[in-house]
Amino acid sequence: DLSAEGVSRGKKEKKMGQRASPVGALHFEDVRLSADALLGPINRGFHIMMRAIPAIQKARPSAHIAIVGTDQVSYGGKLAGGETYRQRLMTELKDMIDWSRVHFLGALAYADYVTLMKLSRAHVYLTVPFVPSWSALEAMALEKVIIASDVPPVREITGDGRAALLTDFFDHAGIAAK
């Protein structure tokens, strides 16, 4: 939004050929975005995956789910009072999930991560429109089934049904059905 405080347009560049599309730099100085300006929810897909677990467990009663990563917040803000997103979601979903089949593995060394990927049946990669992460690329390299958000950057490298099964980011049942 060029009318937002702190956003300005640089000089329009002169270019050869197509002149119908203006090209120039955008400058951002101390810009603050409101929540409604975000492309998607904060913290990418962790909360969506957690809320999909009850449906996954119902559809696949013997499945175990390994979640790699720490409680550190890398995208978005931290919760008040030092509560982690894992704590909040475990409280919210406490009676809906068989926790003996959910394994929080923390940070893994690369070799351990690759071993886990080789043992797994699928890699769930949920993201809002963002560049594909290394985990999606690693899963592709290991020829794993990938269940991923149907967003342009992921669709570009995978295609639905070609290298990934794409689903709506917010569709818990759709994630489980894949």
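The values are calculated or read from the model by the stated rules, or taken from the named source; none is laboratory data. Here the structure is a predicted model, which is why all the values come from computation and not from measurement. Cβ sites come from the backbone with ideal geometry, for glycine too, and all protein chains shown count toward neighbours. Only protein heavy atoms, including side chains, enter the accessible area calculation; ligands, DNA and RNA are left aside. Shrake-Rupley method; radii C 1.70, N 1.55, O 1.52, S 1.80 Å.
What pairs come up if the first residue lies in the stretch 151-162 and is hydroxyl-bearing (Ser, Thr, Tyr), the second is open to solvent by less than 100 Å² (accessible area, probe 1.4 Å), and their beta carbons are under 8 Å apart, counting only those six or more places apart or on different chains?
As it stands, the answer is 158/136; 158/140; 158/146; 158/148; 158/164; 158/166, since those pairs meet every condition given.
Please determine, by comparing only the residues of the stretch 133-160 that are under 22 Å from residue 70 (Cβ atoms) and open to solvent by 40 Å² or more (accessible area, probe 1.4 Å), which one is nearest to the chain's Cα centre (by Cα).
Looking at residues that are under 22 Å from residue 70 (Cβ atoms) and open to solvent by 40 Å² or more (accessible area, probe 1.4 Å), I get 134.
Just to be sure I understand, how many residues within the stretch 69-119 are within 16 Å of residue 48 (Cα to Cα) and either among the charged types (D, E, K, R) or surrounded by 12 or more Cβ atoms within 10 Å (Cβ to Cβ) (or both)?
Selection size over the stretch 69-119: 19.
Out of the residues in the stretch 161-178 that are surrounded by fewer than 16 Cβ atoms within 10 Å (Cβ to Cβ) and part of a loop (DSSP other than H, G, I, E, B), which is modelled with the lowest pLDDT?
161
What number of residues within the stretch 134-166 are touching a Ser or Thr at 6+ places or on another chain (Cβ under 7 Å) and of a type in the set (Ser, Thr, Tyr)?
1
What's the number of the only condition in (1) aliphatic (A, V, I, L, M); (2) closer than 21 Å to residue 165 by Cα; (3) under 15 Å from the mean Cα position of the chain (by Cα) that residue 59 fails to meet?
(3)
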